[in-house]
Amino acid sequence: MHVLVTGGAGYIGSHTVLALLEAGHSVHVVDNLSNASAESLHRVEKLTGKKVPLDVVDLLDRPRLHEVIAGGSFDAVIHFAALKAVGESVREPLLYYRNNITGTINLCEEMALAGVKAIVFSSSATVYDPSNPMPLQEEATLGAVNPYGRTKLMMEMMLQDLQVSDPDWRVWLLRYFNPIGAHESGMIGEDPAGEPNNLVPYIAQVATGRRQELRVFGSDYPTPDGTGVRDYIHVVDLAIGHVMALERIAHEAGGVQICNLGTGRGYSVLEVLAAFEAACGKKIPYAMHPRRPGDAAVCYADPAYAEKVLGWRATRDLTQMCEDTWRWQSANPFGYADAPV
Ligand code: UD1
């Protein structure tokens, strides 16, 4: 298939572009590079020996988006492009609503004009109400608790309404849990701008000496060791999930599918820390801090539906997630700003 990947230069996007090329598909990337680097795609080109066309286009730039989509002959779109920092979304909600929602409206309108009515959407476990019992099934109560999460939920709803209005649309909503890890080559990985918000990129930067110590947010949760529990999923497993959803879209009639992508297993902050120490062979300094506002104690998926509907299951364990993150981070301590490999 010929696939347009929005946000394809980012962390999950670049791993998915690689997986698509490895599966024999052709891709075209649009990305505004606001939190991504074209270097990620140069490295995908080195890994695959294939060209990855990139248009540096913002989804808010309607005329340029029109040019790309109208002339693209795409079979489907995988839509990653969005802002994703929870704290920033609380401080600048309108930025998040404009970027994520308007960007998605522009994208869908241009897709409809071009007759491309198949989309795999990058959603998140953040759309679930945090008071649900675990594990989270797709039918769990929805209710995001911050502007970022609400944009994800609204984008899901928009796509569902669109599909009702025009049954030709084929929509897959993939709700990710906590993506970590990197491609096993160590050539592509997560490269957050500024201080990382998320646990594993933070630990990885402490391990290289770029940050002093990890702050563990909360040691009094009702969990076995008192720290928060999450369902960490290897980014390559996640990327493969996208390829499988895309290949399913090619053969199906219109409809909406909603699917968790997680492992079904939760690990605490201290368990992740221990696994990372084993992977990098160093002690990671850390200190206990109060809970981070807005954090849940425990969050993990019921991944059964993904296995049933897609035949997809995560196969990479926490050890591999940490080893692959470390291979990437130690070879690229400053991410893509390091000298090209
Ligand atoms: C966060 C976002 C979520 C988003 C996801 C992926 C919040 C409240 N949620 O999920 O909406 O979809 O990232 O981008 O921000 N932790 C520490 N020290 C740190 C960082 C994290 O102890 O420096 C702890 C957290 O308290 C949590 C766990 O590590 O228990 C995982 O945190 P993180 O990686 O930020 O992911 P989430 O909070 O699950």
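Bear in mind these aren't lab numbers, they're just calculated from the coordinates by the rules spelled out. Everything quoted here is computed from the prediction, not taken from an experiment. Here the Cβ positions follow ideal geometry from the backbone for every residue, glycine too, while neighbour counts run over all protein chains shown.
Quick look at the values:
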item: Kirkwood-based shape ratio for the stretch 1-57, expressed as Rg/Rh from alpha carbons; result: 0.91
item: Charge dipole (the chain, unit charges on Cβ, about Cα centre) - positive-most of 108, 137, 159; result: 137
item: Label point 7 Å beyond Cα of residue 286 along Cβ direction - residues of the stretch 168-200 with amide nitrogen under 14 Å; result: 198-200
item: Within-13-Å neighbourhood charge of residue 133 [Cβ basis; K, R +1; D, E -1]; result: -3
item: Lysine pairs with alpha-carbon atoms under 27 Å apart, the stretch 2-338, spacing 8 or more or separate chains; result: 7
item: Neighbour-count order for 180, 249, 258, fewest beta carbons within 10 angstrom listed first; result: 258, 249, 180
item: Equivalent-ellipsoid semi-axes of the chain, from the Cα gyration tensor, Å, largest first; result: 31, 23, 19
item: The chain - charge dipole about Cα centre, Lys and Arg +1 at Cβ, Asp and Glu -1, debye rounded to 20; result: 480
item: Percent of C-alpha pairs per 10 Å bin, the stretch 41-122, short to long; result: 16, 40, 32, 12, 0
item: Selected from 289, 335, 126, residue furthest toward positive end of dipole (the chain; charges at beta carbon); result: 289
item: Cα centroid of the stretch 212-251 to Cα centroid of the stretch 99-123, whole Å; result: 26
item: Rounded to 5, percent antiparallel among DSSP beta bridges of the chain; result: 5
item: Separation in nanometres of the label points that stand 7 Å from Cα toward Cβ, at residue 252 and residue 55; result: 2.7
item: Sites residue 295 and residue 271 - FRET efficiency at Förster radius 22 Å, r taken between beta-carbons, to 0.05; result: 0.85
item: The stretch 2-92 - charge dipole about Cα centre, Lys and Arg +1 at Cβ, Asp and Glu -1, debye rounded to 20; result: 160
item: Residue-count net charge about residue 207 - beta-carbon cut-off 10 Å; Lys, Arg +1, Asp, Glu -1; result: +3
item: Percentage relative contact order, the stretch 1-131, counting C-alpha pairs under 8 Å, at least six apart; result: 27
item: Dipole of the chain [Lys/Arg +1, Asp/Glu -1 at C-beta], most positive-end residue of 306, 49, 325; result: 325
item: Surrounding net charge for residue 74, when Lys and Arg each add one and Asp and Glu each subtract one, Cβ distance under 11 Å; result: -1
